[in-house]
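Below: one structure, written as structure tokens.
Each value in this text was obtained by applying a stated rule to the coordinates, not by laboratory testing. Please read all numbers here as calculations on a predicted model, not as lab measurements. Positions of Cβ are backbone-derived with ideal geometry, glycine not excepted, and every protein chain shown enters the neighbour counts.
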Amino acid sequence: MRNYLLVLAMLLTACSGNRQDKLAQLMKDATTTLSQEKRVGPMVIRCTYLPACWDQRSQKEAPGSNEAEMSFRINVQSTNPGEVKEKGSRQMASYGVEENFQLIVNRDTLLPVLAQRIANGNLDGAEYLVIFPRVPLAPVQTMSLVYKDWVFSSTRLVFPFNKIFLQQSDSISCGL
């Protein structure tokens, strides 16, 4: 009996690591569109989809809490460090940012439930966590995140996402 439990524990540990490796590989693959990068002048804007169970480790008391949310991380960096320090310190880079983001699903436009700047100590850019209400992906044909960056690059950026890869990353992340 004791050996059986030991083998079971080792098997579960091995499967868990494999799932994390698969998810990391999927996120790094440029063809999946889960992590995208756009350049506008000296600015580099990265948009990353965070799978459904992305913060499951930090919220063990409330598993499945992200099933009603779709989360994205937007990172703004500059190749000219001094330029962003001036713009990033303005209040408009931190307050009222929820108006800068939209999720367009088919013909519907969703506004974020939460959009906030992440205080990560980065002086050469900004990072945002944006959370939208989760929509069923089965009827979705097109989905894009729109970032109206009026602070750093003065452009409207569109990040299209493929629903197949969104579903695949959610499945791997949650261990389904």
So, with points 7 Å from each Cα along the Cβ direction, the ASP108-ASN18 label distance in nm works out to 3.7 nm
Placing each pseudo-label 7 Å from Cα in the direction of the beta carbon, VAL146 and THR31 end up separated by a distance in nanometres of 3.1 nm
Rounded to one decimal in nm, the spacing of the 7 Å Cα→Cβ label points at SER94 and ARG46 is 2.3 nm
